[in-house]
Every structure is written in C-alpha cells, then in structure tokens.
Amino acid sequence: MSKLLDVKDLTVRFALPKPSLLAAQPYLEAVRGVSFSLERGRALGIVGESGSGKTTTAMAAIRLVDAAAGRVVFQGDDLLQLDEEAMRQRRRDVQLIFQDPYSSLNPRARVADIVREPMDLMEIGDMASRMTRVQELFELVGLRPDQLNLFPHQFSGGQRQRISIARALTTNPKLLVCDEPVSALDVAIQAQILNLLARLKAELGLSYLFISHDLGVVRHLCDDVAVMYLGKIVEQGPREALFDDPKHPYTQALLSAAPSLARRKSKGYVRPLKLSGDPPSPLNPPKGCAFADRCPMAQAICRDSQPELRPLGTRQSQVACHLAEA
C-alpha cells in the first residue's frame, strides 16, 4: 500500500494575551511535533482525553486550523505550502464529517441543496448532473428519493448524519476526516452509521482520519490507532497490536477504563491502572514525559527526559515510553 497522507512534526500553537505591554508573546502549544501516516484505503483512529489535541491535529492537517510548523504531504503536495486557490482545488479530495448532525446542516435549506452545495462551490458538472449525483448519494447512504425536498428538522439525528456523509461524498474525495461523527447519536444509531462508514470505505476505497474518544468505536472501524496525550502521540500502531498488547501506561489506562472493552480477554484489559490527578497544563508542559506525574510506574528518567516515539523490536507499533519493552 502507498501513503495517502504523511504528517511530519506538526505543531499548532495559539497566541495568548500578553501579561504586560513589553512582555514576550505567550503561546499555548496544543499540538507538539506530531507525526503519523495514513495509507490508501485504511482508517486511522486518533484517540485521547478531551484536550489531548486530537481534533486540533486533524483540523491542522487539512488546514482548517493554522499550523505553526511541520509538513502535511497529501498525494505529493505539502498542503501547508499551497496557495489559497490550490488548496481550494485540493478540497475536492479531502472532506470533513462534523460531530454534531444538528448544527452542521443549514436549517433553512432543503437537504438536496445541502448535499449539492460542495459541487456548486467547486463548479463540478452542470445542474442536471449535480442533481443526478445527489440522488445517487441519497440511495447510497440509505435515504429515500422522496426525502430530497425536506428540511433538516424533518429528519432524525441518524438520518441527518447520513445527509452529512452524502454531502461529504459529492466531490468523490479520497480522504474523509471524521470528527467524532457518532458521539451525538444513540448507541443503536451509532452502530448503523459505523456500519455505513465501513461499507463506504470498502466499496469506494476511501481513507478515514477518524477522531474519537470512544475506544469501542475506534476498534470497530479503524485499521490503525494513534493515542494522544497533551499534544503528542504516545503510542501508535495496527489496531490488533494496540488493543491486544498496549505498551504505554496511558494506553493501558484508557483501555482498562473503557466499559465496552472490559469483557475482552486480552493483555490490554487485565492491567487496570488507577490514575489520579489531572493532565499537566499545556501552558507549561513538563520537560520529561507529560504522563509521569499520573503514571504509577514512573521513575526519575521519566521526569527528566522526554521519551521519543520509537518502534519496539519487530512490532509495527511505536511507543513513547522509557520503560516500555517489546
């Protein structure tokens, strides 16, 4: 398989108010040198607690948030270096599915117009071909043709998310960024949307960058997983390796705390870690491992030296932990 997306040393920082007129400009580093790659036809899940930087990472990768440094190579082009018109053309290949199906659709527009809008903006085809495409996508995502002229408020939450998926597919994208696409839905509806996304991935050859805090959802849909903590990736690798034999203590704690995974009999779920305290402030990250103060296995080296993301033996996984062993 070939790489579709290759992110290197991505950094995102936000300017904060100056404490005084002559003081240096303070910054909050939300994403701190993140690197990952996504192969064609695969789904990469980025997981972590709220505030870990997972959504900011994804938004910066597709230039919806400004990056301070790094490279984002998509099909040979560094997206961070493209001018506005070139990036506008690239957006045909990269589309976004939002978290909230209630606020992401224009309540005053009919759903046929909502789904057609990306083709209108990018001037793809004529009006007749656009409407034909809308009808095809409605059928593809499981909606009926007689619903085309309805308004968003006439649909359930799951149906609205199907409309959002249809809208994202109008430009025949190669990459879909899914920002917690099922977190606002009931559990039964979540399963339907996840199955739809899995089917579309297989049928259309799509690649997903999937943001979620729900490990059960990620395990169901994603091929590879990256775990983030305080703006950095602490572990990443194929789904099976990460879920069955996690190496970073934070990953182990996440898995042991996931109710939907508690019944599974594998190495990852029989090492419950009791975490105390809160993550350190991103305004003043520690010089060593950001997880050290909450980790029951931390040693002096963990507080003095920041671990680098490294492979373990012959495993495909990588982990940023001084104490991790293959």
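Close amide H contacts of Leu4 (hydrogens built in the peptide plane, cut-off under 5 Å, sequence separation of 5 or more or a different chain): Leu38, Glu39, Arg40. If you wrap the chain in the convex hull of its Cα atoms and look at it from every side, the mean projected area works out to 19.2 nm².
Converting phi to 3J(HN,Hα) with the Karplus coefficients 6.51, -1.76 and 1.60 and the offset θ = phi - 60°, the range 123-140 yields 6, 8, x, 9, 4, 5, 5, 5, 5, 4, 5, 4, 4, 4, 5, 4, 5, 4 Hz in sequence order, with x at every glycine or proline.
Total lysine pairs in the chain at Cα distances under 18 Å, for residues eight or more apart or on different chains: 11.
Within a Cβ distance under 11 Å of Tyr229, other residues only, what is the Lys/Arg minus Asp/Glu net charge? Let's see the in-between values first.
Values: positive: Arg32, Lys54, Lys232, Arg294; negative: Glu49, Glu235.
After counting each charged neighbour, the total is +2.
Quick one: what do you get for the range 45-151 if you divide its Cα Rg by 2.2 N^0.38 Å?
On the way: Rg = 16.8 Å, N = 107, 2.2 N^0.38 = 13.0 Å.
Its radius of gyration relative to the 2.2 N^0.38 Å reference: 1.29.
Rolling a 1.4 Å probe over the protein heavy atoms leaves Cys178 with an accessible area of roughly 0 Å². Taking 0.36 nm per residue of sequence separation and removing the Cα-Cα distance, the Arg90/Lys8 pair yields an extension gain of 27.6 nm.
With both labels modelled 7 Å from their Cα along Cα-to-Cβ, the Gln81 to Asn195 distance reads 4.6 nm. Taking θ as phi - 60° and the Karplus parameters 6.51, -1.76 and 1.60, the scalar couplings of the range 150-158 work out to 7, 9, x, 5, 8, 10, 6, x, x Hz in sequence order, x denoting glycine and proline. Once the Cα-Cα distance is subtracted from the 0.36 nm per residue extended length, the Asp186 to Arg310 segment shows a gain of 40.8 nm.
Each residue of the range 171-210 gets 67 Å³ once the volume of the Cα convex hull is shared out per residue.
Over all other residues within a Cβ to Cβ distance under 14 Å of Pro152, the charged ones net out to +2, with Lys and Arg as +1 and Asp and Glu as -1. Computed with every protein chain present, the accessible area of Lys174 is close to 80 Å² [probe 1.4 Å].
Using a probe of 1.4 Å on the protein chains alone, the accessible area found for Glu136 is around 100 Å².
The values are calculated or read from the model by the stated rules, or taken from the named source; none is laboratory data. All figures in this text were calculated on a predicted structure; none of them were measured in a lab. Note: ideal-geometry Cβ built from the backbone for every residue, glycine included; neighbour counts use all protein chains shown. Keep in mind that these areas ignore ligands, DNA and RNA; they rest on the heavy atoms of the full protein, side chains included. Shrake-Rupley method; radii C 1.70, N 1.55, O 1.52, S 1.80 Å.
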